[in-house]
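To keep things clear, I will list the structure first and then write my remarks on it.
What follows is calculated from the coordinates using simple rules that are stated; it is not laboratory data. Values in this document were obtained by computation on a predicted structure and should not be read as measured data. Neighbour counts are summed over all protein chains in view; Cβ atoms, including those assigned to glycine, are modelled from backbone coordinates with ideal geometry.
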Amino acid sequence: MIFAPRVFAIVGPSGAGKDTLIAGALKARPDLRLVRRVITRPTEAGGEDFDGVTPDAFDRRLAGGAFALTWRAHGLRYGIPKDQLEGPGDVLFNGSRAALPDAVRQFPGLRVILVTAPDAVLAARLSARGREAPEDIRARLSRAAFEMPQGIAFRTVVNDQSPEAGVAQLLAALQPERV
């Protein structure tokens, strides 16, 4: 059940800059709210701001009905907490392209924004963040071309320039569609 005025799933391949663009959009638009994901990895792993939990803790939250949406990716489990969807203002969450069919069912009216970049840019960003071995980077790049699920409308942000240019594109994509 959706409680926020509008919910946006920001999706795309690893290294596309989703977290950077989301942070810039939140700074530019204080009326936006970000859902802090729950992930079965240690919080010290770095990257985005998330709630790191053990698989057992994740299972307990899931059994207790704490999540509006869950999925598996990269050997981890991800959850969108229900309680973070309540309140005023539009809500953004960093989602998964593979989980979009479930997300659309959970959030009627869900708006999807695909953030992407050319493979060379993705490779350079993944290498620069230093969290994955070269074989893991190759695996992530092989998934970068994952097709969006059939029947799901989305807007695209190609984040291959400066962070400021990418944030401007994301902010434009967050605007209501003109008919």
| said: Restricting to segment 66-102, give me the number of residues that are over 17 Å from Ile39 (Cα atoms) and within 12 Å of the chain's Cα centre (by Cα). | reply: 2
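Results for (1) without any contact (Cβ under 8 Å) to a residue 40 or more places away in the chain; (2) surrounded by 15 or more Cβ atoms within 10 Å (Cβ to Cβ); (3) among the charged types (D, E, K, R), shown as yes or no for each residue.
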residue: Thr43; (1), (2), (3): yes, no, no
residue: Asp49; (1), (2), (3): yes, no, yes
residue: Arg72; (1), (2), (3): yes, no, yes
residue: Leu85; (1), (2), (3): no, yes, no
residue: Phe93; (1), (2), (3): no, yes, no
residue: Arg97; (1), (2), (3): no, yes, yes
residue: Ile113; (1), (2), (3): no, yes, no
residue: Ala117; (1), (2), (3): no, yes, no
| note | Every listed condition ((1) in contact with a Gly (Cβ under 7 Å, 6 or more places away or on another chain); (2) in a helix (DSSP H, G or I); (3) under 17 Å from Thr20 (Cβ atoms)) holds for Ala103 save (3)
| In the list Arg97, Arg155, which residue meets the criterion of being out of contact with any Phe, Trp or Tyr (no Cβ under 9 Å at 6 or more places or on another chain) and under 14 Å from Lys18 (Cβ atoms)? | Arg155
| said: Of everything in segment 136-161, what is surrounded by 13 or more Cβ atoms within 10 Å (Cβ to Cβ) and closer than 22 Å to Val7 by Cα? Give them in sequence order. | reply: Met148, Pro149, Ile152, Phe154, Arg155, Thr156, Val157, Val158, Asn159
| request: Read through the list (1) surrounded by fewer than 13 Cβ atoms within 10 Å (Cβ to Cβ); (2) touching a helix residue (DSSP H, G or I) at 6+ places or on another chain (Cβ under 8 Å); (3) among the charged types (D, E, K, R), then give the number of the only condition that Glu132 fails. | output: (1)
